[in-house]
Structure formats: structure tokens, C-alpha cells
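K.L.:
Take this structure first; my questions come after.
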Amino acid sequence: MNEEELFQQYHETHDVALRNQIVENYLYIAQVIAKKFSGRGVEYDDLVQVASLALMRGVDRFDPARGVRFSTFITPTITGEIKNYFRDHARVIHLPRAVSELRADIRDTDDRLTVELGRKPTAQEIASALGVSEEEVVSGAEAGTVVSLDRPTADGDTTFHELIAAPDDGGIEQMENRDLLNSALEKLREAERTLIRHRFVEGLSQAETAGRMHVSQMCVSRLERKTLAKLRNLLQKEAAE
């Protein structure tokens, strides 16, 4: 019995044994997607459970008459459920105590030096005030943060996802995959990654980013356009591999 016949018979009979057979046939997809999200503060087995439940619900929702293969339909469905799980449980995923304390010290020192200097301090100035290395300051400030594709920029309502996604891009779920994004970000130059961090992790405006990077706002604007175009191309290549 092929895929279409199997689904057609299940939707006609709602036979639990048939549903279990379908789930078993496609369980590997749930396991593969769960594996991609493992190592982020949630146990792999928990992610497999979330993915498997999404798979079961997807079997009930799938309509073979639409001409789409079930594997194509269920992949973004499972991915979305896992992302929702992470959002719902974000508060219970904690950073190590030492990292959390360093982040708090960085924020306090940043606020104090901003008042004293009349401008935002550099990472080097914060590091000097805290008696740590500049690398520790940068790592501490970034710990626990990711580039949010759904977060609006500080200059308006446009999201990072809307900026990097091509209008005709059909692989939205692939582009939203954090592994693909991190891989693409690693290929950017240091200045490009710094701009992305300021604009889309910290949510700074172009003017604020210019101040942090000690360049003009026009320079930031040009660099942002070029960086987003470069990142979009990298993401499309990563998704195609």
C-alpha cells in the first residue's frame, strides 16, 4: 500500500492501527529534527517526544488530496512545534551561575560608564573596569542570546526574517533553523557579525550601532544592506546543501 492509499484508508476508517503504522513509517523525521535542536538546554528524549506528538497530530491533519507529500508537510509542522516548546520553556533554561553573574556585572558597568563617559563604553573599557579580558566581556554579553528572526529592528516593524528572506523563497522553515543561521553567521567578517549582534541581538538603532562601532550612521546603513544580502545568499546555500 503506497502513501496516498494508506492515508486515504486511515481518513476513511480512523483505524488506530493504521495511524500507528503511518507514525512508525515517518518517526525517523521526528528523530532527525529533534537531533538538530538537541544540545540547547533540553534533553533529546524530550524533543523526540514533542516531535512525535506533532507527527501524530500531523497524520490527522494531512490531506493527501492536496498533492503534497507527507514528508514535505510534516517537516515544518514538527519544526514549528519544537520551536514553540523552546519558547514556552525558555524560562527554565538557565545559564551557569558564573556566566549569569558576569552578565549582570557587564550590564551594571555599562550603565555606570555610560553616565561617567557621556557615551556608551567600548568592550575594552568595560573589561578594564571589571578586571577581565575583552574576550570575556564579549562572550559574557552574548551568552544566552541568539539572533531572533522574528524580532523587529529598532528602526521600525521590519523583522530580521523579512530582511534576509527572498520574496520567492519557499524554504522559510529551513532558513529559520538556528543551525543553518549560526553556520552562515560564522562565515561573516568580524565587523559584519558585530553589526548583526548590535542590530538584531541587542536591538540597537542604526545610530546607536554607529556609536558602538565608532563609524557614521551612513556607514552602518551601507554595511547593513551588504551584510544582509551576503547573509541571505549564505543561508540559501546552506539550505540547499
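K.L.:
Can you give me the number of residues within segment 58-74 that are touching a residue at least 24 places away in the same chain (Cβ under 8 Å) and of a type in the set (K, R)?
P.N.:
1
K.L.:
Looking only at segment 1-29, which residues are hydrophobic (A, V, I, L, M, F, W, C) and part of a helix (DSSP H, G or I)? Steps first, answer last, please.
P.N.:
Looking only at segment 1-29, we keep the residues that are hydrophobic (A, V, I, L, M, F, W, C), and these are 1, 6-7, 16-18, 22-23, 27, 29.
Hits for segment 1-29 are L6, F7, V16, A17, L18, I22, V23, L27, I29.
K.L.:
Are there any pairs, at least 6 apart or on different chains, whose C-beta atoms fall under 9 Å, with the first in segment 214-231 and among the basic types (K, R) and the second exposed (fewer than 12 other Cβ atoms within 10 Å of the Cβ) and assigned to a helix (DSSP H, G or I), and if so, which?
P.N.:
Between residues of segment 214-231 that are among the basic types (K, R) and residues that are exposed (fewer than 12 other Cβ atoms within 10 Å of the Cβ) and assigned to a helix (DSSP H, G or I), there is no close pair.
K.L.:
Within segment 32-45, track down each residue that is assigned to a helix (DSSP H, G or I) and loosely packed, with under 14 Cβ neighbours inside 10 Å.
P.N.:
We begin by selecting, within segment 32-45, every residue assigned to a helix (DSSP H, G or I); these are 32-36, 44-45.
Answer for segment 32-45, where residues must be assigned to a helix (DSSP H, G or I) and loosely packed, with under 14 Cβ neighbours inside 10 Å: V32, K35, Y44, D45.
K.L.:
Okay, moving on. Mind listing just one residue for me: the one in segment 1-31 that is β-branched (V, I, T) and farther than 13 Å from F70 by Cα and, of those, surrounded by the most Cβ atoms within 10 Å (Cβ to Cβ)?
P.N.:
Per the stated criteria, the residue is T13.
K.L.:
Name the single residue that is modelled with the lowest pLDDT among those in segment 70-123 being among the polar types (S, T, N, Q) and not assigned by TED's automatic domain parsing to the domain that holds V50.
P.N.:
The residue in question is S100.
K.L.:
Restricting segment 201-221 to residues that are charged (D, E, K, R) and surrounded by 16 or more Cβ atoms within 10 Å (Cβ to Cβ), which is modelled with the lowest pLDDT?
P.N.:
Out of the qualifying residues, it is E208.
The values are calculated or read from the model by the stated rules, or taken from the named source; none is laboratory data. Since this is a predicted model, take the numbers as computed values, not measurements. Note that we place each Cβ from the backbone using ideal geometry, even for glycine, and neighbour counts take in every protein chain shown.
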